[in-house]
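The values are calculated or read from the model by the stated rules, or taken from the named source; none is laboratory data. Keep in mind it's a predicted model, so treat the numbers as computed, not measured. We place every Cβ from the backbone using ideal geometry, glycine too, and count neighbours over all the protein chains shown. When the accessible area is computed, the model is the full protein with side chains, heavy atoms only, and any ligands, DNA or RNA have been set aside. Shrake-Rupley method; radii C 1.70, N 1.55, O 1.52, S 1.80 Å.
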Amino acid sequence: MGAERRELLMQGNEAVAEGALAAGCRFFAGYPITPSTEIAEYLSVKLPHLGGTFIQMEDELASMGAVIGASLAGVKAMTATSGPGFSLMQENIGFACEAEVPCVVVNVMRGGPSTGLPTFPAQGDVMQARWGTHGDHPIIVLSAASVPECFSLTVRAFNLSERYRTPIILLLDEVVAHMREKITMPPAEELEIFNRVTPTVPPEWYIPYADTPSGVPPMAPFGEGYRYHVTGLTHDIRGFPTARDDEIGPFIKRLFRKISQNFPDIHMSQTFRTEDAEITVIAYGCVARSAKRAVVEARDRGLKAGLLKLMTVWPFDRSAVEQAARRSKVVLVPEMNMGQISREVKRVNNGVSTVETLNKVDGTLITPGEILEKITEVLS
Amino acid sequence: MKEVTKLIHKYLRHDKKFPHVSCPGCGNGIILGALIRAIDRIGFAKDEIVLISGIGCSGRMPVYVDFNTLHTTHGRALTFATGIKLAKPELTVIVFMGDGDATAIGGNHFIHAARRNVDVSAIIFNNNIYGMTGGQFSPTTPYGMKATTAPYWHIEHAFKIAELAVTAGAVFVGRETVYNAKGLDALIEKALLKKGFSVVETITHCHIQYGRYNRLGTAVDMLKWQRDNSIPVEKAQKLSSEELEGKIITGVLVDRELPIYQHEYDRIRERAREIAV
Ligand SMILES: Cc1ncc(C[n+]2csc(CCOP(=O)(O)OP(=O)(O)O)c2C)c(N)n1
Ligand code: SF4
């Protein structure tokens, strides 16, 4: 044993499952759906061996409910699904936001709307991930572009959910989920794992939804002496339903503040050759891979292109995008949808540079060639 | 009376949560009382109880009691309960649901929880109506009755919740009225002690919505109706289906042994470990 690195050939979905186990996930509830099913299948083998629980529920509403229940009992929990199932999960995702229950939801995006294209990739759920559940709420959404990222961002998703007591959505797409790539597995002791903060005060002093400097109250697992009330109704600091405006407002604002005051910790992005870029491609998920290749080829042709890859999609990484916009004449946003993140880029860019889009919704990947062509066209 | 005061002090969040939201005369409080009495008699510690509810008038009950309490989404209480029980099997998990909660929006979860046999007790508040939203018909509103969304008369036929639970595979199923509070106490006690998925269908009155639209009188009139129309299951077995039309069959409908999900899953864990080494 010891600090040995293992090099493996692994599928994206399997890497998500491995990442979850490494992060300490010991509960999975789900309902089969392409192209996410391998995550469930993999965990159905591994979890019982680790003393954890895998359960196939009757639908995705149930899966999300069971995940929240397990987390309230103190166990790190996740589910994985795709578009139709993600739609069904929305109500209970909102419950997890409102009641501040850590959990991870993986959505392997396929073409939509409705049953759409079960076995083809798409990026059509980016806005749904942000606004899919009703009501004003913050949410953290990550996007993985490679098999190693499937692993590392799943670990990160659990850490963020535990730190901020909030559901985390991890977006994959059919390409990233199903491709096989080399992954170097870090030894367990090198992984940084965060576990939710539990109360240290005696039960009679515990205030389950108290405001704290971090905005995140300590969370007591059910059954350990801290008897309290958890509800999807808007509640006071003790967890009891409230109709008082002086309690409602501060509660909702705290939910936002616990995320917004920690943007530097939450935002993850990577830049590639952006220093002198005249055009910066902003991409995420499988499209970021094509974009990187396109940037390399553009540079070979003497075109000053760069890439900003977003790994945190929501909350939107305003400062990274603003920097890119300020530096380049043009920003190009290729997406496998009709333009979801590009709207946000335009909003943030606010006329500083030109924002070009490249949208594809035919179930095929945006190729490096297509991005390169657009770069060439725009710069000439 | 002294006994009641003792229970109030021991189990209610009396300093925090009162007055409550139920209408005066509502039957729901009797069910909550029956649960508290059953828990007290069994001697469960408050820390080991998780009381979960869905949405509705019934869903508002857990907030008043000093257990680990969880008020979930409409129809989904059993799914949260499944997660909690599997994650921490040492907890005693009890679920309160309305008739709409359990058999309309949550119908799928209900039959699957019964089939799966996770060790959870489900107590259903059957008041034949959607109380909280103001009196729309539910899956247990009888044919021909009125509701705000059946202003002429109701043309669908009612579920028999307890019988549904029997068919779906619950190991313990009983039915009782709030009129017979003592019987309800005993039935809930049995359900809590039973290992596996147990169901208690409680017939309760919503005089404010269901009673009012159908001119069924006051809460007391509706309680008397429960008294006059209940037939213990032993007696019901000797009667024809015509004679049982519109009657409430009370008592234990089924009490059987079936493999419990957590125990089965423990065997899976053992097997997975054997293979792994
Ligand atoms: C998803 C969803 N749909 C609808 C509602 C509105 N709603 C709240 S309670 C309720 C019905 C409650 O009836 P029942 O379950 O019979 O419980 P009761 O109020 O009679 O105890 C409805 C439809 C909701 N809260 N959530
Ligand atoms: S509306 Fe009906 S069920 Fe709801 S509290 Fe009033 S009487 Fe009870």
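Here is how the numbers come out for the structure above:
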| quantity | calculated |
| --- | --- |
| Most to least packed among A:182-189, B:88-95 [average Cβ atoms within 10 Å] | B:88-95, A:182-189 |
| Region A:271-379: relative contact order as a whole-number percent, Cα under 8 Å and 6+ apart | 33 percent |
| Point-charge dipole on Cβ atoms (K/R +1, D/E -1) for the protein assembly as shown, about Cα centre, debye to 20 | 880 debye |
| Accessible surface of A:Ser44 - all protein chains present, 1.4 Å probe, nearest 10 Å² | 50 Å² |
| Percent accessible area from carbon and sulfur atoms, region B:44-123, protein chains only, probe 1.4 Å | 57 percent |
| Distance between modelled label sites at A:Glu322 and A:Val201, nm, 7 Å Cα→Cβ extension | 3.7 nm |
| Accessible area of B:Arg227 in the full protein assembly, 1.4 Å probe (Å², nearest 10) | 110 Å² |
| Candidate residues A:Lys329, B:Lys224: accessible-area rank, largest first, probe 1.4 Å | A:Lys329, B:Lys224 |
| Averaged over B:57-64, number of beta-carbon atoms from partner chains that fall within 10 Å | 2 |
| Most to least accessible of A:Glu4, A:Glu38 (protein chains only, probe 1.4 Å) | A:Glu4, A:Glu38 |
| Protection proxy ranking of B:60-71, A:369-380 - average other beta-carbon atoms within 10 Å, highest first | B:60-71, A:369-380 |
| For residues of A:214-223, the mean tally of beta carbons on other chains within 10 Å | 3 |
| Inter-label distance, nm, simple model (7 Å from Cα along the C-beta direction), B:Glu234/A:Phe256 | 6.5 nm |
| Additional length obtainable on full extension of the chain from B:Glu3 to B:Arg115, 0.36 nm per residue less Cα span | 36.5 nm |
| Debye log10 I(q)/I(0) for chain A, one point scatterer per Cα, at q = 0.11 Å⁻¹ | -0.77 |
| Apportionment of accessible area to carbon and sulfur, region A:271-379, percent (1.4 Å) | 44 percent |
| Buried area at the B-A interface (accessible, heavy atoms, 1.4 Å probe, summed, Å²) | 3300 Å² |
| Average partner coverage of A:40-49, which counts Cβ from other chains inside 10 Å | 3 |
| Computed lengthening from A:Arg301 to A:Ile237, 0.36 nm per intervening residue step minus Cα-Cα distance | 17.0 nm |
| Karplus (6.51, -1.76, 1.60) ³J(HN,Hα), θ = phi - 60°, over region B:172-177, in Hz, Gly and Pro reported as x | 9, 9, x, 9, 8, 9 |
| Carbon + sulfur, % of accessible area of region A:33-83 - ligands and nucleic acids excluded, 1.4 Å | 53 percent |
| Computed lengthening from B:Thr133 to B:Lys46, 0.36 nm per intervening residue step minus Cα-Cα distance | 28.2 nm |
| Residue (of A:Ser319, A:Gly306, A:Gly339) at the positive-pole extreme of region A:271-379, dipole from beta-carbon charges | A:Ser319 |
| Rounded accessible area per residue of region A:1-131, 1.4 Å, Å² | 30 Å² |
| Per-residue SASA entry for A:Leu358, accessible area with 1.4 Å probe, Å² rounded to 10 | 40 Å² |
| Helix B:28-42 vs. chain B, principal-axis angle (Cα, 0 to 90°, nearest 10) | 40 degrees |
| Dipole magnitude of region A:271-379 about its Cα centre (Cβ charges: Lys, Arg +1; Asp, Glu -1), debye to nearest 20 | 220 debye |
| Size of charge dipole - chain B - debye, nearest 20, with Cβ of Lys, Arg +1 and Asp, Glu -1, no other charges | 460 debye |
| Accessible surface, per residue, of region A:271-379 when the full set of protein chains is kept, probe 1.4 Å, Å² | 42 Å² |
| For chain B, built as a Gaussian network whose Cα springs stay under 10 Å, the top-fluctuating residue of B:Tyr213, B:Tyr179, B:Tyr143 | B:Tyr143 |
